[in-house]
Amino acid sequence: MLRFAVVGNPVSHSKSPLIHSLFAKQIGLSVDYSRVKVEHGEFENFVTNFFAGGGNGLNITVPFKEMAFHLVENCSSRCQLARAVNTLFLDKQQRLVGDNTDGVGFVTDITVNHSVVLKGRNVLILGAGGAVRGVLSGLAKEPPQRITLLNRTESKARHLQHEFESLLPIEIGSYSELPQRQYDLIINGTSLGLQGKVPPISPSLIGGGCCCYDLMYASRDTDFVTWSKNHGASLALDGLGMLVEQAAESFNIWCHMRPDTAPVIRHLRDAN
Ligand code: ATR
């Protein structure tokens, strides 16, 4: 029996145990995947004890992703870019290794599941928090033509612009002076949906054939998905597909087998 867990605080909402149990069933592996809420000062101890006790892998969620990044002895280049870990495991030398599968989860969902082409496209990103950092690390592999990033706090946008400048040219702007351009892809990486709000942008930024993507998901359309549909986006997607794809990549890292994500995405949609 392989032993995995997702660690966070709060963590009761996490769909990772369900997703990974569906993957395991599909592949025919015996897996015990639990949900663990850890107090802030206890994270490092928990990780050490989990692996010392024979645990095979951990998923890390809010608020421990950055802390996990500072714990690992080795990590992938995409993880280094994201400066956050969502997947932990031990290598053959028993060293703690970190990876970040959020960016590849986003890119796989949008390009494979929804056939959206990134190359040569104009992309608008709203927000500059951890979720956006993950997406940028994924986009660095498949750079679009141009990325415009808007954030309420300009210094955070500038920080990301500098960090990614060798890989992705990012122009930054503000909500008060919206760009005079139309976009092929608009990504909502703000947490405004938690307040039932959408980012203060004009629908005129939605170009012909535009895909709008909300990094959040909910059991019904998110406010940004509703806004996008109401303003003529060709495709309006939430982050459920990204969630399942990042999980599939973690599963692949741990078990060296890639599950079929389509039935799992369908299962989660139907369960809502
Ligand atoms: P996550 O890890 O999920 O990305 P986060 O790091 O807290 O969460 O980032 C939340 C994002 O939503 C940030 O870009 C934040 O803008 P600031 O950097 O200015 O804080 C954005 N956000 C939150 N509330 C907002 C609001 N009322 N208006 C505009 N942007 C908002």
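The values are calculated or read from the model by the stated rules, or taken from the named source; none is laboratory data. Treat the numbers as computed from the prediction; the structure is a model and nothing was measured. Glycine gets a Cβ as well: all are built from the backbone with ideal geometry, and neighbour counts include every protein chain shown. All accessible areas refer to the heavy atoms of the entire protein, side chains included, with ligands and DNA or RNA removed. Shrake-Rupley method; radii C 1.70, N 1.55, O 1.52, S 1.80 Å.
The table below gives the values:
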{"quantity": "Helix-only CD estimate at 222 nm, as mean residue ellipticity for the chain, using -39500 (n - 2.57) per DSSP H run (n ≥ 4)", "calculated": "-10000 deg cm²/dmol"}
{"quantity": "Extension reserve of the Gln145-Met1 stretch, reckoned as 0.36 nm per residue once the Cα distance is removed", "calculated": "47.3 nm"}
{"quantity": "Shape of the range 14-59, Cα gyration tensor, a/c cut at 1.5", "calculated": "oblate"}
{"quantity": "Straight-distance crosslink candidates among lysines, where the alpha carbon sits under 25 Å from Lys197 and sequence neighbours closer than 8 are dropped", "calculated": "Lys15, Lys156, Lys229"}
{"quantity": "Farthest positive-ward along the range 1-147 dipole, Cα basis, beta-carbon charges - from Ala68, Phe46, Pro144", "calculated": "Pro144"}
{"quantity": "Tensor-based shape of the range 53-170 (alpha-carbon gyration tensor, a/c under 1.5 rounded, otherwise prolate or oblate)", "calculated": "prolate"}
{"quantity": "Thr87, Thr153, reordered so the largest accessible area comes first (probe 1.4 Å)", "calculated": "Thr153, Thr87"}
{"quantity": "Pair Val62, Asn230: separation of 7 Å Cα→Cβ label points (nm)", "calculated": "2.4 nm"}
{"quantity": "Full-extension gain in nm, Ser166 to Ser21, via 0.36 nm per residue minus C-alpha separation", "calculated": "48.3 nm"}
{"quantity": "Principal-axis tilt of helix 240-255 within the chain, Cα atoms, nearest 10 degrees", "calculated": "30 degrees"}
{"quantity": "Three-way shape label, the chain, alpha-carbon gyration tensor, a/c 1.5", "calculated": "prolate"}
{"quantity": "Gain in span if fully extended, Lys119 to Asp221, counting 0.36 nm per residue against the direct Cα distance", "calculated": "34.0 nm"}
{"quantity": "Within the range 118-219, chymotrypsin sites (Phe, Trp or Tyr not before Pro) in DSSP loop having at most 15 other beta-carbon neighbours inside 10 Å", "calculated": "Tyr175"}
{"quantity": "The range 2-100: relative contact order in percent, alpha carbon pairs under 8 Å with at least 6 residues between", "calculated": "28 percent"}
{"quantity": "Exposure rank, largest accessible area first [Asp270, Asp214, Asp102; 1.4 Å]", "calculated": "Asp270, Asp102, Asp214"}
{"quantity": "Estimated distance in nm for a label pair at Arg152 and Arg181, the labels positioned 7 Å out from Cα along Cα-to-Cβ", "calculated": "2.5 nm"}
{"quantity": "Ranking by accessible area, most exposed first, for Ile60, Ile253 with a 1.4 Å probe", "calculated": "Ile253, Ile60"}
{"quantity": "Probe 1.4 Å - accessible area at Arg258, Å² to nearest ten", "calculated": "110 Å²"}
{"quantity": "The chain: relative contact order in percent, alpha carbon pairs under 8 Å with at least 6 residues between", "calculated": "16 percent"}
{"quantity": "Label-to-label distance, nm, for residues given as Ile253 and Asn49 (7 Å Cα→Cβ offset)", "calculated": "2.4 nm"}
{"quantity": "Accessible-area composition of the chain, carbon plus sulfur, in percent [1.4 Å probe]", "calculated": "48 percent"}
{"quantity": "Percent of Cα-Cα distances greater than 20 Å, calculated over the range 172-272", "calculated": "47 percent"}
{"quantity": "Projected area, mean over directions - the range 103-241, Cα convex hull, nm²", "calculated": "7.4 nm²"}
{"quantity": "Total charge dipole magnitude, the range 201-255, about the Cα centre, Cβ charges on Lys, Arg, Asp, Glu only, Debye to nearest 20", "calculated": "140 debye"}
